[in-house]
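The values are calculated or read from the model by the stated rules, or taken from the named source; none is laboratory data. Please read these numbers as outputs of a predicted model, since none were measured by experiment. A quick note on method: Cβ atoms are made from the backbone with ideal geometry, for glycine too, and the neighbour counts reach across all protein chains shown. Only protein heavy atoms, including side chains, enter the accessible area calculation; ligands, DNA and RNA are left aside. Shrake-Rupley method; radii C 1.70, N 1.55, O 1.52, S 1.80 Å.
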Amino acid sequence: MNSGRTDTADAVVIGGGHHGLVAAAVLADTGWDVCLLEAAESFGGAVRSAELHPGFTADLFSAFYPLSAASPVLRALELDRHGLRWAHAPAVLAHPARPDGAPAAVLHRDRERTAEGLGPRDGEAWLRLCAQWDQVGDAVLRSVFTAFPPVRGPLALLRRIGTAEALRLARFLALPVRRMGEELFAGEAARLLLAGNGGHADIPPDAPGSGLFGWLLAMLGQQHGFPVPVGGAGELSGALARRASAAGARLHTGERGERIDVRGGRVVAVHTATGRTVRVRRAVIADVAAPALYRDLLPPDAVPPRLRADLDRFAWDTPTVKVNWALREPIPWANPGVAGAGTVHVGADERGLVRWAADIESGTVPDAPFLLMGQMTTADATRSPAGTESAWAYTHLPRGVADDDAADRLAERVDEVVEEFAPGFRERVLHRTVQRPGDLQAADANLAHGAVGGGTAQLHQQLVFRPVPGLGRAETVVGGLYLGSASAHPGGGVHGVCGWLAARAALAEQGRLGALRRRVTSAALELLYRDPPSAR
Ligand SMILES: Cc1cc2nc3c(=O)[nH]c(=O)nc-3n(C[C@H](O)[C@H](O)[C@H](O)COP(=O)(O)OP(=O)(O)OC[C@H]3O[C@@H](n4cnc5c(N)ncnc54)[C@H](O)[C@@H]3O)c2cc1C
């Protein structure tokens with residue numbers, strides 16, 4: 001720490017989550033002098049791991065990285081040159097519908113093998129779905145992983161499949177995941193592969209948007225698997241930090257950004273809680289949650305009242321409760337098909353998922369929670385001693401319920417659900433820790449109320465509505481300030497795109513047409529956030 005010191009940088013990045021690290025690397029690659037300030041004592045935000053029990057590495061937050069594998073941004077950073085290695089479980093994921101040992105849906109990296117497990121009719125349908133992905137997947141991803149409005153991705157789609165099929169694809173992607181499953185498959189197993197993956201976002205299975213999520217994750221899992229970094233999630237952040245440092249970025253931990261100074265409508269300096277001041281020549285990239293940026297870091301008079309009112313309607317995603325276990329032996333699943341899967345979706349069948357979502361949306365702490373689970377030693381043998389398992393499961397509390405009592409009750413149910421599906425599980429627990437919503441937020445301010453995605457993934461807060469009605473871009477109402485966290489488009493997940501888009505926007509505004517760009521953006525934002533006629 002450098003209390004009381006003042007220095008200067010072309011760009012200051014506030015927050016050293018993976019998006020902040022990506023932004024720092026991208027800017028430093030172009031020769032900018034970059035200073036990154038991270039509040040915690042280590043980099044990575046929600047991409048970190050720790051030894052919670054001797055010999056057992058636990059991923060403290062995120063754990064599986066299909067979005068990283070598919071991300072052109074992370075691929076371009078060549079993190080393998082900075083020590084990152086990936087590992088895969090024998091099977092990508094499994095979703096047992098019931099505890100009685102009935103066959104589970106299992107996703108394998110080999111699509112023929114996945115199809116075989118789904119029976120002849122649904123197996124064929126699965127292969128057709130994969131063929132559709134082969135045709136459109138990269139163009140859809142390109143449309144999502146770009147600043148709004150997307151141009152190249154949709155054009156590529158139109159060229160490839162024509163307007164009539166593009167229209168049908170748009171309808172298909174707008175389906176709720178339950179309806180999508182019903183239209184595609186006769187049996188529950190294949191439907192669960194979509195619906196369970198839809199459960200990674202806080203979109204009820206009967207709401208539009210859940211289909212897109214379920215389809216995207218299932219198809220990414222089919223194409224790339226659900227890879228994990230060898231040695232723990234922290235190895236991904238470590239590689240990113242090494243990559244950014246190698247490019248010349250100055251990275252600091254223990255430095256919480258406390259205040260951003262604005263003069264003449266532009267960012268001029270960042271102050272930290274330790275008394276450090278960094279003067280800004282060109283840009284600030286904020287890898288912080290949108291409410292924190294606009295309410296806490298910026299001076300009130302830099303944020304138009306209309307934008308502040310929009311922020312009052314900002315919705316977090318649902319609070320999370322996570323349980324980590326060190327197990328003396330692997331989990332004794334009643335259904336042996338589940339044993340080889342890295343990710344396990346468990347606790348709810350198709351209808352159970354609808355009931356679970358209804359609990360979440362109606363303020364009821366679920367008695368039958370749906371769990372996302374990780375069998376980490378199954379995915380990466382380095383995570384714990386041979387013959388043991390490092391595992392976790394997380395689930396959600398209802399919106400607006402994040403207290404410790406509710407969290408502890410739900411955590412208890414988590415263990416009970418696993419015991420139902422794997423009798424004898426509890427006897428194998430050597431060590432158990434619970435991360436309540438308050439613990440998650442204390443470890444990383446962006447995980448406010450235990451939210452995992454930087455704000456809800458529902459339609460009303462996506463694209464031009466993310467984080468508030470706006471341009472769907474990283475530019476903000478303050479010149480030289482860019483939002484580069486998961487609160488920005490395209491939202492939660494470890495893909496690096498939010499940080500990359502913020503860095504690209506900063507570079508573009510310093511480029512040849514930069515002045516014009518800034519004028520157009522400012523005019524658009526001014527129109528958006530001026531007082532409504534009734535208030536004038
Ligand atoms: C329990 C859990 C499980 C998840 N599972 C997955 C998964 O398996 N796969 C996946 O792709 N995604 C997963 N996610 C989502 C994913 O981890 C996040 O969307 C992603 O990490 C967000 O990255 P970020 O850089 O925007 O923010 P974060 O990773 O939250 O990083 C923000 C950083 O900024 C720092 N910070 C905040 N405020 C300040 C400040 N004022 N000054 C300085 N520093 C500050 C924080 O300390 C933190 O280090 C999961 C998330 C959680 C919580």
Exercise. How would you classify the range 47-118 from its alpha-carbon gyration tensor, with a ≥ b ≥ c the square roots of the eigenvalues: rounded for a/c under 1.5, else prolate if a/b is greater than b/c, otherwise oblate?
Worked result: oblate
For this session: Step through the residues of the range 378-388 one at a time and calculate ³J(HN,Hα) from phi using the Karplus curve (6.51 cos²θ - 1.76 cosθ + 1.60, θ = phi - 60°), rounding each to whole Hz and writing x for Gly and Pro.
Result: 4, 7, 8, 4, 7, 6, 6, x, 3, x, 10
Exercise. Using only helices, what value at 222 nm comes out for the chain when you add -39,500 (n - 2.57) per DSSP H run of length 4 or more and divide by the total residues, to the nearest 500 deg cm²/dmol?
Worked result: -11500 deg cm²/dmol
For this session: Taking the Cα centre of the chain as origin, sum charge times position over the Cβ atoms of Lys and Arg (+1) and Asp and Glu (-1), and report the length of that vector in debye to the nearest 20.
Result: 2200 debye
Problem set entry | Percentage relative contact order, the range 385-525, counting C-alpha pairs under 8 Å, at least six apart | 14 percent
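Could you work out how much longer the chain between Glu182 and Ala523 gets when fully extended? Use 0.36 nm per residue separation minus the Cα distance between them, nm to one decimal.
Taking 0.36 nm per residue and subtracting the Cα distance, the gain is 118.2 nm.
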Exercise. Label points 7 Å out from Cα along the Cβ direction at Ala273 and Glu165: separation in nm?
Worked result: 5.4 nm
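What FRET efficiency, computed as 1/(1 + (r/R0)^6) with R0 = 56 Å and r the Cβ-Cβ distance, is obtained for Arg351 and Asp7, rounded to the nearest 0.05?
Approximately 0.45, to the nearest 0.05.
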For this session: Name the shape class, rounded, prolate or oblate, that the alpha-carbon gyration tensor gives for the range 41-190, where a ≥ b ≥ c are the square roots of its eigenvalues, rounded holds for a/c under 1.5, and otherwise prolate holds if a/b is larger than b/c and oblate otherwise.
Result: oblate
Exercise. Of Ala457, Pro490, Val434, which is farthest on the positive side of the dipole of the range 394-493, counting Cα position, with +1 on Lys and Arg Cβ, -1 on Asp and Glu Cβ, and the Cα centre as origin?
Worked result: Pro490
Exercise. Relative contact order for the range 456-501 using alpha-carbon pairs under 8 Å, separation at least 6, rounded to a whole percent?
Worked result: 32 percent
Exercise. At Arg409 and Arg259, where each label point lies 7 Å from the Cα along Cα→Cβ, what is the point-to-point distance in nanometres?
Worked result: 4.3 nm
Exercise. Taking a 1.4 Å probe, which of Tyr65, Tyr394 shows the most accessible area, and what order do the others take after it?
Worked result: Tyr394, Tyr65
Problem set entry | Relative contact order (percent, whole number), the chain, Cα cutoff 8 Å, 6+ residue spacing | 23 percent
For this session: Only residues of the range 183-219 count here: report those whose backbone N is under 18 Å from the spot 7 Å along Cα→Cβ of Thr364, or say none.
Result: 204-207
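Under 1.5 on a/c is rounded, so check that first for the range 217-315, then, if it is not, pick prolate when a/b is larger than b/c and oblate when it is not; a ≥ b ≥ c are the square roots of the alpha carbon gyration tensor eigenvalues. Could you put the intermediate results ahead of the total?
Values: a/c = 2.73, a/b = 1.46, b/c = 1.87.
Oblate.
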Problem set entry | Solvent-accessible area of Glu419 with every protein chain in place, 1.4 Å probe, in Å² to the nearest 10 | 50 Å²
Problem set entry | Separation of the Ala50 and Ala443 label points, Cα + 7 Å toward Cβ, nm | 0.6 nm
